[in-house]
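Structure first, commentary second.
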Amino acid sequence: MHVLILGAGAGGGVPQWNSNSEACRRARAGKGPALMQSSLAISADGRQWVLLNASPDLRQQIAASPALHPKGDRRHSPIVSVVLTNGDVDHVAGLLTMREGHSFGIYATPAILETLQEDRIFRVLDRTRVEFNPIEPGTPFDPAGPGSSSSGLRVEAFEVPGKVALYLEGEGAGPMSDPPGATIGLRVSSEAEGGNSICYVPGCAAIDESVRRAVAGSDVLLFDGTLWRDDEMIRQGAGTKSGRRMGHVSMSGPEGSIARLAGTDTGRKVFVHINNTNPVLLSESDERAEAEKAGWEIGYDGMEIRL
Ligand code: MLT
Ligand code: MN
């Protein structure tokens, strides 16, 4: 299985258009990593590729990744489908980039498909070419494209604590509502290679026993690395919301991902969906050293994982 991190940044990326955080300043000066928004590409055979989330930076991400360039025909893309983990802008806006006549499948929970279907701008995806496929947590599926019998991959979704997308906060049960199917994690394995699997959880509000169980036994875990500490954006004057309010568990602290995922039986652990306020992006920071000492890698754009 080939895994390619297309964007290791959270919504806004690094640098974010209106942020002057230290990480953004360094990225602009070429002195620190620039990160596009949250997405990865995965393939069993290097020929058919499946996107896990489609970020607003997708056009640039494809341009930067030769494996995703058209091959052969004048109109072609090796991307056969997109699997979505929630309905956030940083995970769905890239679908609008994929509007130019290509046939592909979208796999998402009924809640997320409904959100896309209710939004008139997504009608730009020609439904005679783009298949909307509902997925159900706990039921494995093959994220094959239309007209193909198999992608060679097996995907299983699991529910994780989350929150409705920001733009849906005013509706229904309130800003922190977390209806079924709002946020999922994915476990992906290759049918051919027997057993190796990667778990992808770019958004997670809390790590309870069900999350720990769901990621146990994976060879690679790519996990929500939005913030180092819950009040980080408030302390840096970058916003008024805590991580909890945004539906993201922090890396640090007793309830944080480093502590709560320590001791789970996972191979490599890599943070993705990293916000531009997170001090782990600063190479010399104590926080970076602490995360690495705890066995975590800090994801970056273009990072490739083979398993
Ligand atoms: C998030 O991860 O919390 C969202 O991407 C926020 C947003 O929609 O900007
Ligand atoms: Mn996000």
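Here are some notes:
- Pairs are defined by a Cβ separation below 8 Å, a sequence spacing of at least 6 or placement on different chains, a first member in the stretch 198-210 that is part of a helix (DSSP H, G or I), and a second member that is away from ligand 2 (no atom under 16 Å from the Cβ) and among the acidic types (Asp, Glu); the pairs so defined are SER210/GLU159.
- Subset of the stretch 135-189 (residues that are assigned to a strand (DSSP E or B), within 16 Å of ligand 2 (Cβ to nearest atom) and β-branched (Val, Ile, Thr)): ILE184
- Pick from the stretch 66-90, criterion among the aliphatic types (A, V, I, L, M) and in a helix (DSSP H, G or I), ranking: nearest to ligand 1 (Cβ to nearest atom): VAL89
- Those residues of the stretch 13-57 which are within 17 Å of VAL272 (Cβ to Cβ), outside any strand (DSSP E or B), in contact with a helix residue (DSSP H, G or I) (Cβ under 8 Å, 6 or more places away or on another chain) and within 16 Å of ligand 1 (Cβ to nearest atom), in sequence order: GLN16, MET36, SER38, ASN53, ALA54, SER55, PRO56, ASP57
- Within the set VAL89, VAL124, the sole residue that is loosely packed, with under 14 Cβ neighbours inside 10 Å, closer than 20 Å to TYR167 by Cα and either in contact with a Lys or Arg (Cβ under 8 Å, 6 or more places away or on another chain) or touching a residue at least 40 places away in the same chain (Cβ under 8 Å) (or both) turns out to be VAL124.
- Residues within the stretch 96-110 that are among the aliphatic types (A, V, I, L, M), surrounded by 19 or more Cβ atoms within 10 Å (Cβ to Cβ) and either assigned to a loop (DSSP other than H, G, I, E, B) or within 16 Å of ligand 1 (Cβ to nearest atom) (or both), tallied: 1
- Helices (runs of 4 or more DSSP H) enclosed by the stretch 225-307 - at least 2 residues per element that are within 15 Å of ligand 1 (Cβ to nearest atom), modelled with pLDDT of 95 or more and among the basic types (Lys, Arg): 243-246
- Here VAL164, VAL155, VAL160, VAL188 are screened, and the one residue that is more than 16 Å from VAL215 (Cα to Cα) and under 16 Å from the mean Cα position of the chain (by Cα) is VAL164.
- Looking only at residues of the stretch 101-119 that are over 20 Å from VAL188 (Cα atoms) and touching a Lys or Arg at 6+ places or on another chain (Cβ under 8 Å), we find that the one that is nearest to ligand 2 (Cβ to nearest atom) is HIS102.
- Which numbered condition ALA93 fails, given (1) within 16 Å of ligand 1 (Cβ to nearest atom); (2) among the small types (Gly, Ala, Ser); (3) over 21 Å from the mean Cα position of the chain (by Cα): (3)
- Filter result for ARG75 (at pLDDT below 95, charged (D, E, K, R) and farther than 26 Å from GLY247 by Cα): yes
- Residues (under 14 Å from LEU222 (Cα atoms) and either in contact (Cβ under 8 Å) with a residue 40 or more places away in the chain or hydrophobic (A, V, I, L, M, F, W, C) (or both)) located in the stretch 292-301: TRP296, ILE298, GLY299, TYR300, ASP301
- The number of residues in the stretch 134-161 being in contact with a strand residue (DSSP E or B) (Cβ under 8 Å, 6 or more places away or on another chain) and closer than 20 Å to VAL249 by Cα comes to 4.
- The residues listed here are SER81, SER21, SER39, SER65; of these, the one that is closer than 20 Å to ILE135 by Cα, in contact (Cβ under 8 Å) with a residue 40 or more places away in the chain and away from ligand 2 (no atom under 14 Å from the Cβ) is SER81.
The values are calculated or read from the model by the stated rules, or taken from the named source; none is laboratory data. None of these values were measured; they are calculated from a predicted model. Cβ coordinates were reconstructed from backbone atoms using ideal geometry, including for glycine residues, and neighbour counts include every protein chain displayed.
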